[in-house]
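Take a look at the structure set out below.
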Amino acid sequence: MFQATLKSNGDQPIVFLKGRIDSSNASQAEQQIRDLIPEDARALALDAGELAYISSAGLRVVLRLKKMIPDTRIVNVNSDVYEIFDMTGFTEMMDIVKAYRQLSVEGCEVIGEGANGKVYRIDGDTIVKVYKNRDALEEIHNERELARKAFVMGIPTAIPYDVVQVGDLYGSVFELLDAKSFAKLIAAAPEKTADYARQSAEILKTIHQTMLEPGELPDKKQEALVWANFCVEHLPQDVGAKLVELVRAIPDTRNMLHGDFHVKNIMQQNGENLLIDMDTLSMGHPVFEFAAIYAAYIGFSCVDRLNVTKFLGLTPEQAALFWETTLDAYFDGDSAKIAQVKRAAPVICYARLLRRTMRRHNADDPHYGDMIEFCKQYLIDEVPKIDTLSF
């Protein structure tokens, strides 16, 4: 038995398919579907959430519908039916989206949160990163490919193995057996803060020693130029112009960058350290990475010192120690390079933070107003003193 029902979605109707389409009912099923499609429809979605089976006769129905409306896609396809589409090559001919299993995070521990999503521990074996954007499927698949790319290149990476629905959001599932973030490990053993910082520096070296082909990942310098050019309108003319010049002069290197490297994105599992949150992977000079690290441990707390505690679970003192120790371990105690990074990273950090705060928050809010003024004043004071942002 087969049944089709229509749900209007502007100029893209969604037809819900229920039951089976085989040689015994293919012509009737096709006529049912055609009768439901508005004459002015420019696109068509077939929801196969309740489609139990489709035969070769049913596949021919799909082909004729696609010929009638070229922008036809099939969504919410269960595993058995998806396998039929896949084996017959339909997944290469048209957009066919597999159904995702539902997962609840109610009562689950939150082990991390960033701009794009929140990470929950589901059980001892698995964690899920739930994306805040309701249309995040493309973003999720992109992050999975980036994680695979990093893994193949020798970066210690946790690779998501499944995509799930969490309410009306989507998430990536990782198998991390009894893994704990560096933030959790430091909370349990604060005396080991410097040791974990040294371990993180070793991972950072591995990432930055990985060289990429031109265009293989997004160019971080181009993103930083957007930050700098935004600041031009909000700084004295000479300061803004010099900031743009300094960013433009940073060498165009092809080092891999993580982009969001901090204690909640480093997990330890059975003594092995693994990275998560790979959607920010990019390429460029390592100074951009250190600017992001500085932002996580120091910069975002420029007005409220306890921001780092709310975000990462570290005290301001632990965060400062982590920053200092990371630099010392990464540069093997080279005081000249460390001093240069300490001058350069905050400038890039506060250029980014100024743009971010002004675009996302109301300047009349005292907290964000103070943050905007801090960033402006820092750049006004420090940019004139700096000759280069590289090392």
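The values are calculated or read from the model by the stated rules, or taken from the named source; none is laboratory data. Keep in mind that what you see is a predicted model, and the values were worked out from it rather than measured. Here Cβ is always computed from backbone atoms with ideal geometry, including for glycine, and neighbour counts include all displayed protein chains. Quick note on the areas: whole protein, heavy atoms, side chains included, nothing else; ligands and nucleic acids left out. Shrake-Rupley method; radii C 1.70, N 1.55, O 1.52, S 1.80 Å.
Scaled to the compact-protein estimate 2.2 N^0.38 Å, what is the alpha-carbon radius of gyration of the stretch 267-370, rounded to two decimal places?
Ratio of Cα Rg to 2.2 N^0.38 Å: 1.18.
Excluding ligands, DNA and RNA, what is the solvent-accessible area per residue of the stretch 74-130 at a probe of 1.4 Å, expressed in Å²?
That works out to 51 Å² for each residue.
Over the chain, with every protein chain in place, what whole percent of the accessible area is carbon and sulfur at 1.4 Å, could you tell me?
That fraction is 48 percent.
Suppose we flag GluC sites (Glu not before Pro) only when DSSP calls them loop and at most 10 other Cβ atoms lie within 10 Å. Which is the longest uninterrupted stretch of the chain?
234-391
Determine the percent antiparallel among the DSSP beta bridges restricted to the chain, to the nearest 5.
65
Suppose every K and R has +1 on its Cβ and every D and E has -1 on its Cβ; what is the size of the dipole of the chain about the Cα centre, in Debye to the nearest 20?
260
No solvent, one uniform scatterer per C-alpha: report log10 I(q)/I(0) for the stretch 143-196 via the Debye equation at q = 0.14, 0.25, 0.30, 0.31 1/Å, two decimals.
For the stretch 143-196 at q = 0.14, 0.25, 0.30, 0.31 Å⁻¹, log10 I(q)/I(0) is -0.57, -0.96, -1.06, -1.09.
Please determine, in degrees from 0 to 90 and to the nearest 10, the orientation of helix 316-330 with respect to the longest principal axis defined by the Cα atoms of the chain, where the helix direction is its Cα long axis.
90
Quick one: helix 286-297 against the long Cα principal axis of the chain, what's the angle to the nearest 10°, folded into 0 to 90?
For helix 286-297, the angle is close to 90 degrees.
Of the candidates Asp162, Asp22, Asp277, which one comes out as most mobile in a Gaussian network treatment of the chain with C-alpha springs shorter than 10 Å?
Comparing Asp162, Asp22, Asp277 in a Gaussian network model of the chain, the most mobile one is Asp22.
Pull up the DSSP beta bridges for the stretch 74-136 and report the antiparallel fraction as a percent, rounded to 5.
DSSP beta bridges in the stretch 74-136 are roughly 80 percent antiparallel.
Could you tell me which residue out of Pro160, Gln209, His285 lies farthest along the dipole of the chain toward its positive end? Charges go on the beta carbon: Lys and Arg +1, Asp and Glu -1, centred on the Cα centre.
His285
With a 1.4 Å probe and every protein chain left in place, work out the accessible area per residue of the stretch 146-284 in Å², rounded to a whole number.
Averaged over the residues of the stretch 146-284, the accessible area is 43 Å².
Using the Cα centre of the stretch 278-359 as the reference point, and only Cβ charges (+1 on K/R, -1 on D/E), how large is the resulting charge dipole? Debye, rounded to the nearest 20.
The calculated dipole for the stretch 278-359 is roughly 500 debye.
Cα to Cα, under 22 Å, and not fewer than 8 places away if on the same chain: which lysines meet these conditions relative to Lys132?
Lys98, Lys118, Lys264, Lys310
Working with all protein chains in place, sort Thr253, Thr325 by solvent-accessible area computed with a 1.4 Å probe, largest first.
Order by accessible area, largest first: Thr253, Thr325.
Determine the dipole magnitude for the stretch 237-391: charges of +1 sit on the beta-carbon of Lys and Arg, -1 on that of Asp and Glu, nothing else is charged, the reference point is the Cα centre, and the result goes in debye to the nearest 20.
So the dipole magnitude of the stretch 237-391 works out to roughly 320 debye.
With runs of 4+ DSSP H residues as the only contributors, calculate the mean residue ellipticity of the chain at 222 nm using -39,500 (n - 2.57) per run, divided by the residue total and rounded to the nearest 500.
-14000 deg cm²/dmol
Once Lys and Arg get +1 and Asp and Glu get -1 on their Cβ, which of Leu327, Ala147, Ala187 lies farthest toward the positive end of the dipole of the chain?
About the Cα centre, the residue reaching furthest to the positive side is Ala147.
Rounded to the nearest 5, what % of DSSP beta bridges with both residues in the stretch 1-145 are antiparallel?
Just about 50 percent of them are antiparallel.
Taking the Cα atoms only, what angle lies between the long axis of helix 237-248 and the longest principal axis of the chain, rounded to 10 degrees?
70
Where Lys and Arg each count +1 and Asp and Glu each count -1, what net charge lies around Met1 among other residues with Cβ under 10 Å from its Cβ?
Taking every other residue near Met1 into account, the sum is +2.
Using Cα pairs closer than 8 Å and at least 6 residues apart in sequence, work out the relative contact order for the stretch 68-166, in percent.
Reported relative contact order: 21 percent.
With every protein chain present, what is the per residue accessible area of the stretch 341-391 (1.4 Å probe, Å²)?
Roughly 51 Å² per residue, with all protein chains present.
Across 5 Å bins from 0, what is the distribution of all Cα-Cα pair distances for the stretch 159-293, in whole percents?
All Cα pairs, binned at 5 Å, distribute as 2, 9, 15, 16, 15, 14, 12, 9, 5, 2, 0 percent.
So what's the convex hull volume per residue for the Cα atoms of the chain, in Å³?
It comes to 176 Å³ per residue, whole-number rounded.
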